[in-house]
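The values are calculated or read from the model by the stated rules, or taken from the named source; none is laboratory data. Everything numeric here is computed off the predicted structure, so don't read it as measured data. We place every Cβ from the backbone using ideal geometry, glycine too, and count neighbours over all the protein chains shown. Heads up: the accessible areas ignore ligands, DNA and RNA and are worked out on the full protein's heavy atoms, side chains in. Shrake-Rupley method; radii C 1.70, N 1.55, O 1.52, S 1.80 Å.
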Amino acid sequence: MKQIEQLSPVEEANKERALIYFSIYKELKLKLGVKETINILRKALYNHGREYGKSLKKFSPNDFKGLYETFAFAPDGGKMFSPKKITCNSECLEIKFMSCPLKKTWEKLNLSKEDLSNLLYCASALDSGTMHEAGFNLEIKTWEPGEIGCCQLKITRK
């Protein structure tokens, strides 16, 4: 008998978020093509991320320790994203997320590597909007086939 995965409410919410992103991506891709779909989703998610970024402004320009403790472990103390701190000093914060509930959900849908990469790239715009609004620069490397974990973020002062 197959065991049913028990998800916490926040894990369930992130699973649903992944499914919504995918539904929108799939419909837009059919009607507009991949390039325009990516542009639209990234713009919408960037703007959405700016709302969360307002709550992180208190860490600008260089309280990277405070930013790490608040941002990297949201929303559940780090369980879903498993942040791995690479660097955290007065110059920058670099984090590798070792897991991702969005990626996990999309992988279960058996998407192509291209669609999975595109969706992760689109989702990364949320973090870009968050950090921009909070007053930081962000370099983000999204997951690529063959890599362990998920995205890697390097956050620096503006």
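Taking the stretch 84-100 only, how many residues are out of contact with any Leu (no Cβ under 9 Å at 6 or more places or on another chain) and of a type outside the set (D, E, K, R)?
Going through the stretch 84-100 one residue at a time, the tally reaches 5.
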From Leu30, Leu93, grab the single residue that is of a type in the set (A, V, I, L, M, F, W, C), farther than 21 Å from Glu144 by Cα, open to solvent by 70 Å² or more (accessible area, probe 1.4 Å) and not in a loop (DSSP other than H, G, I, E, B). Leu30
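Among the residues in the stretch 59-76, are any in contact (Cβ under 8 Å) with a residue 12 or more places away in the chain, within 30 Å of Lys26 (Cα to Cα), exposed (fewer than 15 other Cβ atoms within 10 Å of the Cβ) and not hydrophobic (A, V, I, L, M, F, W, C)?
Here is the first cut: in the stretch 59-76, the ones in contact (Cβ under 8 Å) with a residue 12 or more places away in the chain are 59-62, 64-65, 67-68, 70-72, 75-76.
Add one more test, that the residue is within 30 Å of Lys26 (Cα to Cα), and what stays is 71-72, 75-76.
Add one more test, that the residue is exposed (fewer than 15 other Cβ atoms within 10 Å of the Cβ), and what stays is 75-76.
So of that shortlist, the ones also not hydrophobic (A, V, I, L, M, F, W, C) come out as 75-76.
Yes, because at least one residue in the stretch 59-76 is in contact (Cβ under 8 Å) with a residue 12 or more places away in the chain, within 30 Å of Lys26 (Cα to Cα), exposed (fewer than 15 other Cβ atoms within 10 Å of the Cβ) and not hydrophobic (A, V, I, L, M, F, W, C).
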If you check every pair at least six apart or on different chains, which have Cβ atoms under 7 Å apart with a residue in the stretch 11-26 that is open to solvent by 70 Å² or more (accessible area, probe 1.4 Å) first and a residue that is outside any helix (DSSP H, G or I) second? Lys15/Leu7
If only one of Ser128, Ser99, Ser82 is within 14 Å of the chain's Cα centre (by Cα), under 15 Å from Ala18 (Cα atoms) and among the small types (Gly, Ala, Ser), which one is it? Ser99
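Quick one: which of Lys43, Lys85 is at pLDDT 95 or above, closer than 21 Å to Lys141 by Cβ, open to solvent by 30 Å² or more (accessible area, probe 1.4 Å) and outside any helix (DSSP H, G or I)?
Values: Lys43 fails: outside any helix (DSSP H, G or I).
Exactly one residue qualifies, and that residue is Lys85.
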What pairs come out if I take residues in the stretch 133-158 that are under 20 Å from Met80 (Cα atoms) and assigned to a strand (DSSP E or B) and pair them with residues that are at pLDDT 95 or above and of a type in the set (Lys, Arg) whose C-beta lies under 6 Å away, six or more apart or interchain? Gln152/Lys96; Gln152/Lys141
Residues satisfying the stated conditions in the stretch 116-136, i.e. in contact with a Phe, Trp or Tyr (Cβ under 6 Å, 6 or more places away or on another chain) and open to solvent by 20 Å² or more (accessible area, probe 1.4 Å): Ser128
